[in-house]
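Visitor: Here's a structure for you.
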Amino acid sequence: MYHLYPLWRKPWVLFGLIGSIFYSASALTKPPSTGWLTTAEAPHLSVKLTLTGDYDASSAVLPALLQVALDDDWKTYWQAPGEGGIPPSFQWSDSKNLADIHWFWPAPSRYFVQGFATQGYQQSVTFPLKLEVTPGATSAVLQGVLTMPSCTTICVLTDFELEIPVDLASLQADEEQMFLFNQAMSQVPQPLADVHIKQAGITDKPGQIYMQLAREHGWTTPELFIHSNEDELSEVVYEVAPANISGRELSVVVSASHWLSLPDLTDKTLYVTVTDKAFAAEYPITLTAVTSAPLDSQRSLLLVVLLALAGGLVLNIMPCVLPVLGIKLQSLLLNKPTQSSTIRKQFLASAMGIVTSFWLLALALSLLKWSGESIGWGIQFQNPYFIAGMVGVTWLFTLNLAGAFEVRLPGSLGSWAATKGNNSYAGHFLQGMLATLLATPCTAPFLGTAVAFALSADIITIVLIFTALGIGMALPWLLLAALPQLAAWLPKPGRWMLWVKPFFAVMMFATSLWLLSLLTPFISTTTFTLLVVTLGVVTLFILGRTYGLKIIIYLFSALALLGAASGIVLLLTTESWQQVLPADHDWEPLSDEYIHTAVTAGNVVFVDITADWCITCKANKIGVLLQQPVHSALAEPGIVRIRGDWTVRNPAISHYLQSNNTFGVPFNKVYGPGAPEGIALPTLLTTDVVIQALEQAHDQAK
């Protein structure tokens, strides 16, 4: 027989009933929401629409939150997505008693997707919305289709059907959702008094806009994003060139383009969103016509052209180009012409080969930029087929210099060329082209700035800058073409010249081996060893057939003497080689998130972007990073070392370089509590520069 006891005899039952009542009451007061929505077609994307419940009957405005969550490196777009993509949209025509929806956009970030500059958000974003209800309505239904774009290397459009019935009379404000709404609204840029738009005009170049902005507290790392609310300008893309900062003033040139025909921008209203660290503000501007391009923009381009000339000139002394220069010198020494006109034409042919190569590089990079591929100085060395082809070319040059064979034209063609007097000009032209190809792994001083400016600008500017680079590299050749009498200052022929061709043959063979070593990321160690042995054996076999077995004995004897001499030098050195060049540190792989996390934790971060085919990178490593006191400084507690290896194509490294407005290696940057945006270091590192950057990044905030 069962007995019923009063509830106070079982208090836990009473407490449970009370808790259920309170839980039910709280559930009833929760603001209307769709909850988190996902689809099987886009499992990386989740959305949630929630009303705050804070309904103001006098203004008939109901705030809401649209929350978007994205996995990994998936991104969605801003209201002006940039060169590719579409913004999120909501088709709400099926709604009832809903007059309008006002969508607010937080400040975006700039990303590069398949080489295109896009603007949007990664991981998560919250869009604040204001729903305008029909005046006098007591209920409403929010119903429609939300279309959310999301992209990584592929792009997906996902539709979500949303429906939220609303009883306006029973709505109650939810404190948590109101806090989240106010937090989201604080991320939406608003006009702030700190910035003043001094000028915004259209230049005499089609689609070019020039703007000047002044900020009371100055600029650090500003970024500009542009959009328009006018339907006529909805598909216009605005490409923002690198900003020119002078004190408190910022000037920038913007290129506007349209996939069909660019509308007239005169008197049109644009909105400029400016971000700089924690600063984010938006300003409306009305475009007025100006008669010519801004003077400081012209000066910036002129300065970059001069830097390109200097960078091209410096390439002549880089070790990449030295073997080709050696070939040129030995051709003058062994075949010293007597006529100034012949010298002039030969060097003009070489100079033209250099300039033509830079034009071809400009064309190739322009096509890559247009196609959306990653672009950068020396990226062809990320292609194993290109490297293999260069190995073959330099090896053939080696055999030719060693006298294993001579390249001769067919008899009829040779007779024709002889009558024209230019039978060797094609060879000089090819020497200039080869010098350019071998120069591309080298990032000389001034070269990085010029290339970065060119590759971030329009195609015409790319051609202009690369032309300046070619002329700069060809300047020594042009000098001899202009003053052929300088050839008379070269040493007189003698027995010593018998060693000239073998010497440069050895230099060119060393270049072949270096190029062959660049294949190691693409092939196994066994395959690489087999290739080296095969190349050496075939070379010895060809030379043995040409000169006999004596040449092989001489070569092995020379190698033995060189090895013995090196061993003696090491034994006589007070410090061992390992002490002179200590073992490299352990490095973390490149990650923007890891950099941010490390800096937030109070660490100093040293970023090194390098590549095996980059000669300047190796010079920085051997000459600075592995030397004292830099080596010890990088080992100090609180120092995080991050390295990006660009030997093989890596989209994350390409994106990092492009986000720092650079397109080549080496690239080094130091972050820290005192420099959260980072301190970019020069192309050629020095001990003082690295130590000062580490100290500044650590102490500046104090």
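Visitor: Can you give the local net charge around Ile679? Use residues other than it whose beta-carbon is closer than 15 angstrom to its beta-carbon, Lys and Arg +1, Asp and Glu -1.
Guide: Details: positive: Lys277, Lys669; negative: Asp608, Glu677, Asp688, Glu695, Asp699.
Charge balance near Ile679 sits at -3.
Visitor: Another question about this same structure. Non-local amide H neighbours of Trp78 (under 5 Å, H modeled in plane, Pro and chain starts lacking H): which ones?
Guide: Gln119, Gly120, Tyr121
Visitor: Each residue of segment 535-544 in order: what ³J(HN,Hα) in whole Hz does its phi give by Karplus 6.51 cos²θ - 1.76 cosθ + 1.60, θ = phi - 60°, with x for Gly and Pro?
Guide: Ordered by residue, 3J(HN,Hα) equals 4, x, 5, 5, 4, 5, 5, 5, 5, x Hz.
Visitor: Could you run the Karplus curve 6.51 cos²θ - 1.76 cosθ + 1.60 with θ = phi - 60° over segment 139-155 and give me ³J(HN,Hα) per residue in whole Hz, x for Gly and Pro?
Guide: With coefficients 6.51, -1.76 and 1.60, one gets 8, 7, 10, 8, 9, x, 10, 8, 9, 10, x, 8, 9, 10, 7, 10, 10 Hz.
Visitor: I'd like the carbon and sulfur percentage of the solvent accessible area for segment 235-286, probe radius 1.4 Å, heavy atoms only, ligands and nucleic acids excluded.
Guide: Carbon-and-sulfur percentage of accessible area, whole number: 48.
Visitor: What order, most packed first, do the peptides 83-93, 598-608, 465-475 have when packing is the mean number of other Cβ atoms within 10 Å of each residue?
Guide: With the highest mean Cβ count within 10 Å placed first, the list reads 465-475, 598-608, 83-93.
Visitor: Set the Förster distance to 25 Å, then compute FRET efficiency between Thr286 and His217 from the Cβ-Cβ distance, nearest 0.05. Can you show the working numbers first?
Guide: On the way: r = 26 Å, r/R0 = 1.03.
The calculated FRET efficiency here is 0.45.
Visitor: Sequence gap at least 6, Cα distance under 8 Å: using those rules, report the relative contact order of segment 86-194 to the nearest whole percent.
Guide: Relative contact order here is 31 percent.
Visitor: Per residue of segment 238-244, in order, report the coupling 6.51 cos²θ - 1.76 cosθ + 1.60 (Karplus, θ = phi - 60°) as ³J(HN,Hα) in whole Hz, putting x for Gly and Pro.
Guide: Coupling constants for segment 238-244: 10, 9, 8, 6, x, 6, 10 Hz.
Visitor: Would you mind counting up the charge near His196? Only other residues with Cβ under 12 Å from its Cβ, with Lys and Arg at +1 and Asp and Glu at -1.
Guide: Value of the local net charge: 0.
Visitor: State which entries of Lys30/Lys96; Lys48/Lys75; Lys96/Lys130; Lys205/Lys268; Lys48/Lys277 exceed 20 angstrom in Cα-Cα distance in the structure shown.
Guide: Beyond 20 Å: Lys30/Lys96; Lys48/Lys277.
Visitor: Based on the mean of other beta carbon atoms within 10 Å per residue, what is the order of 127-135, 635-643, most packed first?
Guide: Top to bottom by mean Cβ count within 10 Å: 127-135, 635-643.
Visitor: Just add up the charged neighbours of Phe606: K/R +1, D/E -1, any other residue whose Cβ is under 10 Å from the Cβ of Phe606.
Guide: Taking every other residue near Phe606 into account, the sum is +2.
The values are calculated or read from the model by the stated rules, or taken from the named source; none is laboratory data. Source: prediction; values computed, not measured. Counting neighbours? That spans all protein chains shown, and the Cβs are built from the backbone with ideal geometry, glycine included. All accessible areas refer to the heavy atoms of the entire protein, side chains included, with ligands and DNA or RNA removed. Shrake-Rupley method; radii C 1.70, N 1.55, O 1.52, S 1.80 Å.
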